[in-house]
């Protein structure tokens with residue numbers, strides 16, 4: 001069979017989500033593996049979200065609310081915008097894809113960092129657009145260089161803040177100056193999947209840019225601190241005009257009924273969010289101190305993970321940890337990303353990692 005595939009598609013490397021825990025344990029002959037690779041909330045979903053899910057099972061024979069009416073209304077009330085400024089997706093990944101489909105024609109460009117969330121590049125190239133990658137500077141977005149990379153073909157600019165996989169952020173003052181330097185035809189997409197974990201007082205209030213009617217989109221998700229990664233529900237807040245264009249290509253019933261119900265419950269549980277944030281901050285300090293004592297170079301993080309330099313071949317470190325039942329994420333070169341887990345998971349990671357370092361000297 002000779003398939004005719006566009007080179008933009010044939011050259012893509014599929015996103016690798018990793019294998020299920022039980023399959024890895026079976027293949028490696030190990031047990032009690034821990035997963036610190038996907039930036040999930042180790043405390044799980046909100047009890048309120050779990051409770052509300054039970055009521056949705058009886059209506060699974062019905063299609064979900066195609067407009068996510070109640071969830072959009074709840075989000076609009078939370079963030080002080082109108083419901084027609086909110087779009088809900090099957091994870092924020094889908095909203096990213098819809099924005100690309102709506103605003104990038106073949107040959108048009110999207111600017112992004114060269115070391116950021118991989119789905120920007122995959123989705124742009126998959127839509128036959130041109131990803132324009134700008135190197136990070138000191139592990140942070142180089143906003144000046146990104147502004148210079150904008151051309152008359154640029155339609156979208158992705159700014160992951162805090163950035164994945166580095167955990168770094170750009171400040172209000174930096175973003176204000178950056179936006180002022182951009183032409184009006186560029187839509188800036190603030191991907192704030194880790195918004196609820198941020199501790200810095202200098203973090204920008206990107207929703208203010210939406211309220212000023214600027215061409216920006218703010219992406220948030222229920223997959224991280226809300227602990228609903230398995231249900232896939234994310235959302236974007238932007239201008240009514242941008243929402244209208246995205247809705248024209250949005251698949252019907254794209255957010256399933258259980259996801260919508262759970263998101264409504266999770267949104268109300270501020271106590272669970274506070275508990276999750278406190279666990280993350282405390283345990284991140286433990287991991288940072290432990291890794292520093294082991295001689296690692298740790299990148300300061302505002303998210304729920306740590307990115308660090310092993311000073312060794314990263315793939316070897318990843319494989320050695322894996323064989324000990326500790327799953328982390330090897331990104332590139334000597335760099336490893338580890339999610340903040342439960343206290344016992346973090347301590348096990350440090351203990352196993354110490355042993356791995358000794359063997360790989």
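Data for the structure
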| quantity | calculated |
| --- | --- |
| Kirkwood Rh in Å, taken over all unlike Cα pairs in segment 171-316 | 18.0 |
| Candidates 347, 250, 329, ranked by Gaussian network fluctuation over the chain, Cα under 10 Å, top entry | 347 |
| Largest-first principal axis extents, alpha carbons of segment 21-73, Å | 46, 23, 20 |
| q = 0.15, 0.23 Å⁻¹, segment 260-361: log10 I(q)/I(0) [Debye, one scatterer per Cα] | -0.63, -1.20 |
| Two-decimal Rg to Rh for segment 237-284 - Kirkwood Rh, Cα set | 1.19 |
| Overall dimensions of segment 307-361 by Cα: Rg and Dmax, Å | 10.2, 29 |
| Rounded Å value of the spacing that divides the Cα centres of segment 261-285 and segment 144-190 | 28 |
| Kirkwood estimate for segment 43-150, i.e. one over the average of 1/r between Cα atoms, Å | 17.1 |
| Length-normalised contact order for the chain - Cα pairs under 8 Å, 6+ apart - percent | 23 |
| When segment 191-250 is reduced to its Cα atoms, the Kirkwood hydrodynamic radius in Å | 12.8 |
| Segment residue 286-residue 342, length gained on full extension (0.36 nm per residue, minus Cα span) | 19.0 nm |
| Cα Rg, Dmax (largest Cα-Cα span) when computed across segment 73-203, Å | 14.6, 40 |
| Inter-centroid distance (Cα atoms) of segment 53-126 relative to segment 19-38, Å | 30 |
| Structure-based [θ]222 nm, the chain - -39500 (n - 2.57) summed over DSSP H runs of at least 4, per residue, nearest 500 | -11500 deg cm²/dmol |
| Relative contact order, percent, segment 228-361 [alpha-carbon distance under 8 Å, six or more residues apart] | 19 |
| Directionally averaged projected area (convex hull, Cα atoms, the chain), nm² | 19.9 |
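Each value in this text was obtained by applying a stated rule to the coordinates, not by laboratory testing. Note that the structure is a prediction, hence the values are computed from the model and not measured.
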